[in-house]
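Single-structure report; data block below.
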Amino acid sequence: MEGVYRFLLTPRWWGINVFVLLAIPFCVFMGSWQLGRFEDRVQDHRAVTEQVASGRHEAARPLAAMLPVDKSTAGRRVGASGRYGKQLLVPGRELDGRSGFYVLTLLRTGSGKALPVVRGWLPGTADPAKAPAPPRGEVTVTGALQASETPGSNGVGAQGGLPAGQTGMISSAALVNLVPYRLYDAWVTLDRGDAGMKAVPASAPDGTGLDLKAFQNLGYTGEWFVFAGFVVFMWFRLLRREVEAQRDAELGLVTEEHPAPVTSG
C-alpha cells in the first residue's frame, strides 16, 4: 500500500482492523436478535389478546382438557363443577383505575382437587364483612382460565405479613399453606361477577405482554446498533488522526521536544 496509508499494514493496525471487522457484525447480530425478541413478544401479546377476546364468546370446555395452562389455553373459557369451600381475599388489586380486592373462593371438585375461583372484585380495603358468602351446594362455574401468578406478573407484588384470610398472589405455591386442599396449578375468573361483584377480566399470561422485559429488548436493540456505529466512528477517527500525524511528520511539523538542561546562574 502506497502513501500515508501504509500504516494500515502494521501489526497494531491489523489488530484494530480485525477487532472492527469482528465487532460490527457481532453488534448487528445481537441487535437483530434483541429486535426479534421484541417482535416475538409483540406477536405473543397480539395473539393472546385476540385469544382472550375470542374466548369470551366460545363454548366452555372441561377444565381437565385445558390443563396445564400455557399460551394456547390461557384466557380460554372452561367449566368446572363442585362445592365452594374456603374463601380468601386478595388485597391491592386495581380495576378501572380504582383500588380494591378480589374475592377468591376455592371450588372443591370431584377430582379431589380445589380450583381457585375469583368470584369478583370489590372496591376499598379488603374486609371479610364486605365479601359475599359463596353459594351453597353443587355449583357449576364458567370463566377464563388463568395461569398461577408470580411476583411481578400483571402488577402482582410479593406482599408479606398479610392478615389471616388474605393472600397476595393467586397461585398453588402461595395457597398451599392457607387451604386444606390439594390445588390445581391454575385459577379461573368468572364470566360474570357473583353476588353483585364486578367481574375480573382475564389477563395475558406472564411473559406474553408488552411489559418491562419487552421494552428492555427494544432498548438493547438500540444499544447494540449504537455501539456498532460507535465502533465505525472510532475507527475513522483513529484513521484520520494517524493520517494527519503521518502528513505532519512528512512536512516536518512534528519535532521531538528535548527540554533544555537547567543551569544555575
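The values are calculated or read from the model by the stated rules, or taken from the named source; none is laboratory data. This is a predicted model, so every value here is computed, not measured. Counting neighbours? That spans all protein chains shown, and the Cβs are built from the backbone with ideal geometry, glycine included.
Could you check, for region 79-98, whether at least one of its residues is hydrophobic (A, V, I, L, M, F, W, C), assigned by TED's automatic domain parsing to the domain that holds G165, surrounded by fewer than 20 Cβ atoms within 10 Å (Cβ to Cβ) and at pLDDT below 95? Within region 79-98 (the criterion being hydrophobic (A, V, I, L, M, F, W, C), assigned by TED's automatic domain parsing to the domain that holds G165, surrounded by fewer than 20 Cβ atoms within 10 Å (Cβ to Cβ) and at pLDDT below 95), the answer is yes, since at least one residue qualifies. For region 210-222, check the following and say yes or no: at least one residue is in a loop (DSSP other than H, G, I, E, B) and modelled with pLDDT under 90. Yes, the conditions are met somewhere in region 210-222. Scan region 101-119 and give yes if some residue there is charged (D, E, K, R) and modelled with pLDDT under 95, otherwise no. For region 101-119, residues charged (D, E, K, R) and modelled with pLDDT under 95: absent. Regarding region 122-132, can at least one residue be identified that is of a type outside the set (A, V, I, L, M, F, W, C), closer than 16 Å to A186 by Cβ and at pLDDT 95 or above? Within region 122-132, none of the residues are of a type outside the set (A, V, I, L, M, F, W, C), closer than 16 Å to A186 by Cβ and at pLDDT 95 or above. Applying the criterion of being touching a Ser or Thr at 6+ places or on another chain (Cβ under 8 Å) and assigned to a loop (DSSP other than H, G, I, E, B) to the residues of region 60-73, the residue that is modelled with the lowest pLDDT is K71. Is it the case that S203 is modelled with pLDDT of 90 or more, touching a helix residue (DSSP H, G or I) at 6+ places or on another chain (Cβ under 7 Å), closer than 30 Å to V42 by Cα and surrounded by 15 or more Cβ atoms within 10 Å (Cβ to Cβ)? It is false that S203 is modelled with pLDDT of 90 or more, touching a helix residue (DSSP H, G or I) at 6+ places or on another chain (Cβ under 7 Å), closer than 30 Å to V42 by Cα and surrounded by 15 or more Cβ atoms within 10 Å (Cβ to Cβ). Kindly indicate whether S54 is out of contact with any Lys or Arg (no Cβ under 6 Å at 6 or more places or on another chain), small (G, A, S) and at pLDDT 80 or above. In short, no.
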